[in-house]
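Accompanying notes for the structure given below.
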Amino acid sequence: MKRWLPVLFLVLFRVAAAQSVAALEEEFFTLQRQIETVQGGLDSLNASLEQQAGQIDAEKRRENPDREKLRRQMAAGLALSKQIEERQKRLQTLQKNRTQTQYRLAQRYAAMLDSLQALQAGAATANPELDQQIVRCTEQYLLYSPVFRALSFDPQKIREINPAESSDSLERALSLNYLRNALAEMESHLQEIRKNREEVENTLRLERKTRQFLEEVDADNLGLLARAGNPAATEMLAPNSEPGLSAQAGVGRTLAAQVESITLFFNQLGVRDLEGISLSRFSAAPAGRAPLSLEEYLALLQAAEKQLKQIRNAARQKLREAGAGG
């Protein structure tokens, strides 16, 4: 009976997981579609306003501008501006709701990962199906908990300001406040990056372990299991497949969606290229973009952690030199 407990847990886990996130994911993707629709309409309105502004300028440059025509054009431009303002408010509301839903989904998948990893830690023998479930759950967790978001402070300003050398009390107070706020944000950001890095490292270990396990299993035994109708064995013996490849590809597609935020993040840090990774290739059009592998994503996380730690340490040092802790 005990040996069937992990299998029973996985079945129950899948049912519970599907029920707990299905509604939230539907809400998230509905919001995403609404954002794209509103953004498309906003782009169209901005283009119309720009065109209207051009017509107004052209009329003003005429030797004898038609004042009545200008009045109509300006009224139309004002109407467009009001529509744009309303669309922008709607867009901000949708984006806020999406962020809240995304946060809740990340929490759900983090809890699922904790449960699966606890089961894995207590397993007496290797369980490739459990390992693959963890990989899939990690994929979803990474999708809903992107860490490469824009920084609210300027890293270059951290490098430039020095409250210890400031003779103006107001300037010194503003500099100290800027450093403290930036430091708090970096600590929070580093914590998220560290958690993501550990999850990716664990996923890569599972991929290697699963691959090694399958290589060591006798092919004849797998064949018997497949003929007996075991779906896991059938998947393992699928032609032209490689253990863990489908999961890696899925994670790669998930991470590729974060390319723009990754590029922006490193641009803010003043980093153009990393050792072994060309950030410039991430700026290519989506159709020509290669999927981002887990190994590359791990390297990006490690680089981000290193860069942020350097800036954090600089901020701490400047606070200490100013006699304000750090």
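Farther than 20 Å from GLU36 by Cα and touching a residue at least 12 places away in the same chain (Cβ under 8 Å): which single residue out of ARG87, ARG108 fits that description? Full working, then the answer.
On the way: ARG87 fails: farther than 20 Å from GLU36 by Cα.
Result: ARG108 is the single residue among ARG87, ARG108 that is farther than 20 Å from GLU36 by Cα and touching a residue at least 12 places away in the same chain (Cβ under 8 Å).
Restricting attention to the range 280-326 and to residues that are farther than 24 Å from LEU170 by Cα and among the acidic types (Asp, Glu), the residue that is modelled with the highest pLDDT turns out to be GLU305.
Of all residues in the range 137-163, those satisfying the criterion of being buried (at least 18 other Cβ atoms within 10 Å of the Cβ), part of a helix (DSSP H, G or I) and not polar (S, T, N, Q) are CYS137, GLU139, TYR141, LEU142, LEU143, TYR144, PRO155, ILE158, PRO163.
The values are calculated or read from the model by the stated rules, or taken from the named source; none is laboratory data. Only a predicted model underlies this, so the values are computations on that prediction, with no experimental measurement involved. As a convention, Cβ positions derive from the backbone with ideal geometry for all residues, glycine included, and neighbour counts pool all protein chains shown.
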